[in-house]
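Have a look at the structure below, then the notes.
The values are calculated or read from the model by the stated rules, or taken from the named source; none is laboratory data. Quick caveat: nothing in here was measured; it's all calculated off a predicted structure. Backbone-built Cβ (ideal geometry, glycine too); neighbour counts: all protein chains shown. Accessible surface is based on the protein model in full, side chains and every heavy atom, while ligands, DNA and RNA are left aside. Shrake-Rupley method; radii C 1.70, N 1.55, O 1.52, S 1.80 Å.
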Amino acid sequence: MFPDGDVLEVLFLYVLYAICSICLSLATAWLISHCPWPGKGHLGDLFTCCRSSWGFMMLRTCRALCSQAGPSTGGWQALNFDGGAFHLKGTGELTRALLVLRLCAWPPLVTHGLALQAWSQRLLGSRLSGALLRASVYGQFVAGETAEEVRGCVRQLQALGLRPLLAVPTEEEPDSAVKTGEAWYEGNLSAMLRCVDLSRGLLETPGPTGNILMQLKVTALTSTRLCKELTTWIRRPGASLELSPERLAEAMDSGQDLQVSCLNAEQNRHLQASLGRLHRVVQHARAQHVRLLVDAEYTFLNPALSLLVDALAVRWNSPGEGGPWVWNTYQAYLQDTHERLRLAAEAADRAGLAFGVKLVRGAYLDKERATARHQGTEDPTQPDYEATNRSYSRCLELMLTHVSHRGPMCHLMVASHNEESVRQATKRMWELGIPLDGPVCFGQLLGMCDHVSLALGQAGYAVYKSIPYGSLEEVIPYLIRRAQENRSVLHGARREQKLLSQELRRRLLGRGLRVPH
Ligand SMILES: Cc1cc2nc3c(=O)[nH]c(=O)nc-3n(C[C@H](O)[C@H](O)[C@H](O)COP(=O)(O)OP(=O)(O)OC[C@H]3O[C@@H](n4cnc5c(N)ncnc54)[C@H](O)[C@@H]3O)c2cc1C
């Protein structure tokens, strides 16, 4: 099940870690429910602090820390992703990361995650099973439940030179009347508005700034059914005039009734309400200086999502607004992405609009292929991993060239854990004279590939960690679904596991060399 022979070491450490975490967690819960102090909410923060530092302090005495790599000075240097930057993290955190990544690379756990969670609740009771999840998967990939817990997590990231990219985890359930009704979308709107405020509040120094970013999932504000309908319509020839971004932008701005002939009365009402919600989120984000990075989803939804982003861009990415406030996401695993990206970048340039892009490989490979097989249509994805890598590399080159020509009017997030892509980006930034902390930044998921994020952050690049937050009940199903979609990524986190176990071994026993590239 586990490829390396160091399971016992890690298991021993983790059992210690889990026991202490659970004790601390129960003690904190008891104190919060029994003590009468007004500031007792801070106990949660205290718990997080204790949990991440106890293991570190205990075991740090056993081993001298490895040498510190200082931030780079001057020109481009090939970054070392050899785990050297792990010296910034506590032993407890590294142990948890190793254990959780190994567990997540075990296919049955991911496949039957929801069922296993239900079983553990039944067997252990919701308190104990909750405490176990908090000490493992939830603690690894989620910032916390309350604003205070999120702030605590972000403070730790900021101390390591990393920035937050908050994401509200919402999952529409097309067959559920509750999770598709107008009230559910309105609830999501309130959550998004709070997330904007939280993102703004997390900034270390007050005052207007352009580097606060937040993820936005459009299908949390409008139904996938409507997006499917719109996508079908957009793909028809001649639909462009009726559904132009300018027309939608006008409707968003004025709040005037919009009637689209391909939709029935109910769908038109939902479209109107959705446009209103999108407008409110962006308006609020703009006022709070928060840039919104819209997620890309499935190909049967993406054209509609892009249409809505284009409409928002007409209004909010205009030159007078000071850079792109709404960014779109491009998935390199789709065959037509490079061409679409080229056309969109050129169109924004021609229209004088600022342009923001989050470049990813893409998370829905299996489902895209299964849908194509089921419908007997052409597979829209690249034929293999190497082709996706080549596509990512070409898109990256295209975007970096645009950034070098357009300066702050064009922004890019290199949202990838892939060391080669990150290396290519840093090298080309240097060759093109793009500043380290300028319009190009990097993005990785919280709890994933810290060896890449920390090395980038220490070298002075702008690095964001995508951070979901929310209660266990809300987030665990979301995490399991993400894990199912990202099986190949979790499976491919082998190198990270190797680096983690090597660092832990060094701290414990003073042996183990760094993994060579
Ligand atoms: C900050 C952030 C935001 C993100 N936002 C989005 C988003 O909005 N939408 C979205 O879809 N994803 C999003 N992702 C996830 C992303 O698309 C990838 O799934 C994930 O980052 C893994 O790709 P990688 O570049 O990190 O690394 P790698 O591990 O090198 O690449 C794995 C990826 O390669 C591709 N791949 C693997 N095997 C094959 C194959 N046989 N054939 C073709 N391609 C293959 C798949 O895309 C797979 O996810 C986001 C990721 C981050 C870090």
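Quick check: from the Cα gyration tensor, does the range 212-254 come out rounded (a/c under 1.5), prolate or oblate?
Here the range 212-254 falls in the oblate category.
Just order 315-325, 107-117 by mean Cβ neighbour count inside 10 Å, highest at the front, would you? Please report the intermediate quantities before stating the final value.
Numbers: 315-325: 17.6, 107-117: 14.5.
Taking the mean over residues of other Cβ atoms within 10 Å, the ranking is 315-325, 107-117.
Classify the range 311-452: rounded, prolate or oblate, from the alpha-carbon gyration tensor (a ≥ b ≥ c, eigenvalue square roots; a/c under 1.5 rounded; otherwise prolate if a/b is larger than b/c)?
Oblate.
What FRET efficiency, computed as 1/(1 + (r/R0)^6) with R0 = 45 Å and r the Cβ-Cβ distance, is obtained for Ala370 and Leu509, rounded to the nearest 0.05?
In this case the efficiency is close to 0.45.
Would you rank Lys465, Lys427 by solvent-accessible area, highest first, keeping every protein chain in place and using a 1.4 Å probe?
Largest accessible area first, the list is Lys427, Lys465.
Can you pull the semi-axes for the range 280-360, root of five times each eigenvalue of the Cα gyration tensor, sorted largest first, whole Å?
Equivalent-ellipsoid dimensions as semi-axes: 21, 15, 10 Å.
From the backbone phi of the range 145-162, what are the Karplus-calculated ³J(HN,Hα) couplings (6.51 cos²θ - 1.76 cosθ + 1.60, θ = phi - 60°) in whole Hz, Gly and Pro given as x?
Taking θ as phi minus 60°, the curve returns 9, 9, 4, 5, 5, 4, 4, x, 5, 5, 4, 5, 5, 4, 5, 9, x, 10 Hz for the range 145-162.
Probe radius 1.4 Å, ligands and nucleic acids ignored: give me the carbon and sulfur share of the accessible area of the range 221-310 as a rounded percent. Spell out each step's value before the answer.
Values: 1960 of 3950 Å².
Here it works out to 50 percent.
Suppose all protein chains stay in the model; what accessible area per residue would a 1.4 Å probe give for the range 429-490, in Å²?
That works out to 31 Å² per residue.
Where does each of 241-251, 328-338 land if you order them by average Cβ count within 10 Å, highest first?
The packing order, highest mean first, is 328-338, 241-251.
Quick one: 3J(HN,Hα) in Hz for the range 211-223, Karplus 6.51/-1.76/1.60 with θ = phi - 60°, rounded, Gly and Pro as x.
3J(HN,Hα) across the range 211-223, in whole Hz: 10, 8, 10, 8, 8, 10, 9, 5, 6, 7, 10, 9, 7.
With a/c under 1.5 counting as rounded, go ahead and sort the range 94-199 into rounded, prolate or oblate using the C-alpha gyration tensor (a ≥ b ≥ c being the square roots of the eigenvalues; past the cut-off, prolate if a/b is larger than b/c, else oblate).
It comes out oblate by the Cα gyration axes.
Could you derive backbone 3J(HN,Hα) for the range 256-265 from the dihedral phi with the Karplus parameters 6.51, -1.76 and 1.60 (θ = phi - 60°), listing whole Hz in sequence and x where the residue is Gly or Pro?
For the range 256-265, the Karplus curve yields 6, 5, 10, 10, 10, 5, 7, 10, 7, 4 Hz.
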